[in-house]
Amino acid sequence: MKYTWFMLAVALLFSACKKKDCCNFPVAPDFILAQKNNTKWEADPAGSNILGDTITVSAKSNIAGEEEQVGFKIVFDGVGYYTLKANENYYLITKSGTHSGHYVADPTHLSSVTIISYNQTDKILQGFFELKFLKVSDSSPGSHPDKIFFSEGKFKVTLKY
């Protein structure tokens, strides 16, 4: 009798799984998010690509009529931790196509990227980042913070050629 109930339960489980297509998981869309100066920040991945052995991850977001652009590039050598040189990450703000705030990498902080997975077939890259920038120019003095710090950054991007 116990065997009959067990077989019935197994049959119901498998038939329910087929009906609901339970084993097919949707692919998560690309994203870039972080804490920016201790505030939740999200942006649209834009222009992430691979050229030879160099990968560029970039994003854009709009805040109060201005467009933020942030990005970094690495010479990709597989999953792992990468420290970024000053010319390997950027942050700038534009308004109506004109630079309204320009930042450079903070030389006192070690900006970094950790690649946790790379699907070579589908060109999907996932990882974490931490970036810190100092303001060098501002079209309206005082309208943008002197420092920008991206902490707890996470991303999933599909790379283009």
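Applying the criterion of being at pLDDT below 95 and among the small types (Gly, Ala, Ser) to the residues of segment 108-160, the residue that is nearest to residue 91 (Cα to Cα) is 137.
Among the residues making up segment 53-76, none is open to solvent by 40 Å² or more (accessible area, probe 1.4 Å), touching a Pro at 6+ places or on another chain (Cβ under 9 Å) and among the hydrophobic types (A, V, I, L, M, F, W, C).
When residue 126 is tested against (1) touching a Gly at 6+ places or on another chain (Cβ under 7 Å); (2) open to solvent by less than 70 Å² (accessible area, probe 1.4 Å); (3) not hydrophobic (A, V, I, L, M, F, W, C), only condition (1) is not met. Residue 119 - would you say it is polar (S, T, N, Q) and open to solvent by 80 Å² or more (accessible area, probe 1.4 Å)? Spelling it out, it is not the case that residue 119 is polar (S, T, N, Q) and open to solvent by 80 Å² or more (accessible area, probe 1.4 Å). Across segment 98-107, what is the number of residues that are under 26 Å from residue 51 (Cα atoms) and either open to solvent by 30 Å² or more (accessible area, probe 1.4 Å) or modelled with pLDDT under 95 (or both)? Residues flagged as under 26 Å from residue 51 (Cα atoms) and either open to solvent by 30 Å² or more (accessible area, probe 1.4 Å) or modelled with pLDDT under 95 (or both) within segment 98-107 amount to 2. Residues considered: 59, 64. Of these, the only one that is aliphatic (A, V, I, L, M) and at positive phi is 64. Here is the figure for segment 136-150: residues that are within 17 Å of residue 86 (Cα to Cα) and open to solvent by less than 50 Å² (accessible area, probe 1.4 Å) total 2.
Cβ-Cβ contacts under 9 Å between residues 6 or more apart (or on different chains), taken from a first residue in segment 67-90 that is more than 13 Å from residue 111 (Cα to Cα) and assigned to a loop (DSSP other than H, G, I, E, B) to a second residue that is open to solvent by less than 20 Å² (accessible area, probe 1.4 Å) and not β-branched (Val, Ile, Thr), are listed as 76/125; 79/127.
Find the strands (runs of 3 or more DSSP E) located wholly in segment 109-161 whose residues include 1 or more that are acidic (Asp, Glu) and on the phi > 0 side of the Ramachandran plot, and list them. Filter on segment 109-161 gives 147-158.
The values are calculated or read from the model by the stated rules, or taken from the named source; none is laboratory data. In this text, all values refer to a predicted model and were calculated from it rather than measured experimentally. We place every Cβ from the backbone using ideal geometry, glycine too, and count neighbours over all the protein chains shown. Note: areas computed on protein heavy atoms with side chains; ligands, DNA, RNA excluded. Shrake-Rupley method; radii C 1.70, N 1.55, O 1.52, S 1.80 Å.
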